[in-house]
Amino acid sequence: MKKIAGLLIILLLLTGCAGDLKDGVAWLKEGNYEKAADAFEKDIKKGRNLDEAYRGLGIAYFEMEDYKAAVEAFELAIQHETEETSVFCSFLAASYFEIGDCEKALDAYERGLACDDLTEELEQEIQFNLIAVYEKMANWDAAKKQMDEYVKKYPEDSRVEKEAEFLETR
């Protein structure tokens, strides 16, 4: 997810944000997530750039491993009509996964796969993450099917060997 964080930070920078939002993005880029969250909160309190501020706040919480707060921020970003990019959907899905809401994680990953901006690299990551979601749901048939599809599409990825071994015991 660190690579995805970098992509979203770049997207935030390209939007021409100003003030606290710009500071928040800079803090995200530097890896100072607490200061980033504070900067995004300032914009939120001022009622400015709410879609981007909540999106940035969600990333900051995600990076601080406060996944429940990340989900709340991402959902508020959606309510404020943030653009649902493949990167955004992947962050949202990973946050749902971490708090144990696998149904919403699946939905968010599927939305991410449907986005026009989906890169091959992110598609591969999402497809791999879907295996883990199905495993967490104890949906072994769906996990095996997802893994088989993944192996066909990405035979060079050695990460799937561990998942294959695990699924063989199910």
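The values are calculated or read from the model by the stated rules, or taken from the named source; none is laboratory data. What you are looking at is a predicted structure, and each value in this text was computed from that prediction instead of being measured. Quick reminder, even Gly has a Cβ in these numbers, built from the backbone with ideal geometry, and neighbours come from all protein chains shown. We work out accessible area using only protein heavy atoms, side chains counted, and drop any ligands, DNA or RNA first. Shrake-Rupley method; radii C 1.70, N 1.55, O 1.52, S 1.80 Å.
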Discussion item. Below 14 angstrom from the Cβ of Glu52, what's the summed charge of the other residues (Lys, Arg +1; Asp, Glu -1)?
Written reply: -3
Item to complete: Starting from the residue with the highest accessible area, list Arg159, Arg111, Arg55 in decreasing order, probe 1.4 Å.
Response: Arg159, Arg111, Arg55
Worksheet item: What residue among Tyr154, Tyr54, Tyr96 has the largest mean-square fluctuation in a Gaussian network model of the chain, using Cα springs under 10 Å?
Response: Tyr154
Worksheet item: Farthest toward the dipole's positive end in region 77-170, which of Ile131, Ser95, Leu118, given Cβ charges of +1 (Lys, Arg) and -1 (Asp, Glu) about the Cα centre?
Response: Ile131
Fill in: Radius 10 Å from Cβ of Asp23, net charge of other residues (Lys, Arg +1; Asp, Glu -1)
0
Worksheet item: Which percent of the accessible heavy-atom area of the chain goes to carbon and sulfur, probe 1.4 angstrom?
Response: 48 percent
Response to the item:
Between [x] 1.08; [y] 1.13; [z] 1.02, the structure-derived Cα Rg over 2.2 N^0.38 Å is [x]
Worksheet entry | Nearest-20 debye value, the chain charge dipole, Cβ charges on Lys, Arg, Asp, Glu | 300 debye
Worksheet item: Solvent-accessible area per residue for the chain at a 1.4 Å probe radius, Å²?
Response: 53 Å²
Discussion item. Just to verify a number: FRET efficiency for Ser158 and Glu98, C-beta to C-beta distance, R0 = 22 Å, to 0.05?
Written reply: 0.35
Worksheet item: What full-extension length gain, to one decimal in nm, is calculated for Glu30 and Glu75 as 0.36 nm per residue of separation minus the Cα-Cα distance?
Response: 13.7 nm
Item to complete: Using the structure shown, select from Lys22/Lys45; Lys68/Lys145; Lys45/Lys104; Lys22/Lys68; Lys22/Lys104 the pairs with a Cα to Cα distance greater than 19 angstrom.
Response: Lys68/Lys145; Lys45/Lys104; Lys22/Lys68; Lys22/Lys104
Worksheet entry | R0 of 41 Å, Cβ-Cβ distance Asp117-Thr169: FRET efficiency to nearest 0.05 | 0.65
Worksheet item: Shape call for region 33-127 from the C-alpha gyration tensor, a ≥ b ≥ c root eigenvalues: rounded (a/c under 1.5), prolate (a/b greater than b/c) or oblate?
Response: prolate
Worksheet entry | Solvent accessible area, Å² - Glu103, 1.4 Å probe, full protein context | 120 Å²
